[in-house]
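Beneath this line is the structure, given in structure tokens, with notes to follow.
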Amino acid sequence: MTLNKSLIAKIDNKHEPSNFKEASKYECWMEAMKVEYEALMKNKTWDLVPYPNEKNVIGNKWIYKVKFNSIGDIEKYKARLVAKGFAHKYSIDYEKTFAPVAKMPTVKIILALSVAQG
């Protein structure tokens, strides 16, 4: 029994890679990483800086997820660049923890709800 090519392609497209090397073989994942990188640059989330020799640099990792619509078809391929925060060492890399920054639309909604509730 042989599988037809469209079925194999469908199975392949739903696969979530576990690392960059694996993801870089597929155009859909390369495009997802490009979109994520452009969003990071547009939002000025971080700057590329020279590697500081005297500091412990925290690495990063790409996370890949296939997003589906309500009927089960592939909606998009999502790639996220995340920091490997588990590599921090207290009193060496940090003294205090921090919280992610809220986006302005979220802050506006919370303020509007507060005003509406009195």
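Readers should treat all values here as calculations from the given coordinates under stated rules, not as data from a laboratory. Bear in mind the structure is a predicted one, so any value in this text is a computation, not a measurement. Glycine gets a Cβ as well: all are built from the backbone with ideal geometry, and neighbour counts include every protein chain shown.
Observations, loosely collected:
- In this label model, THR45 and ILE58 are separated by 1.4 nm, measuring between points 7 Å along each Cα→Cβ vector.
- Highest mean packing comes first when the peptides 44-54, 66-76, 30-40 are listed by Cβ atoms within 10 Å, giving 30-40, 66-76, 44-54.
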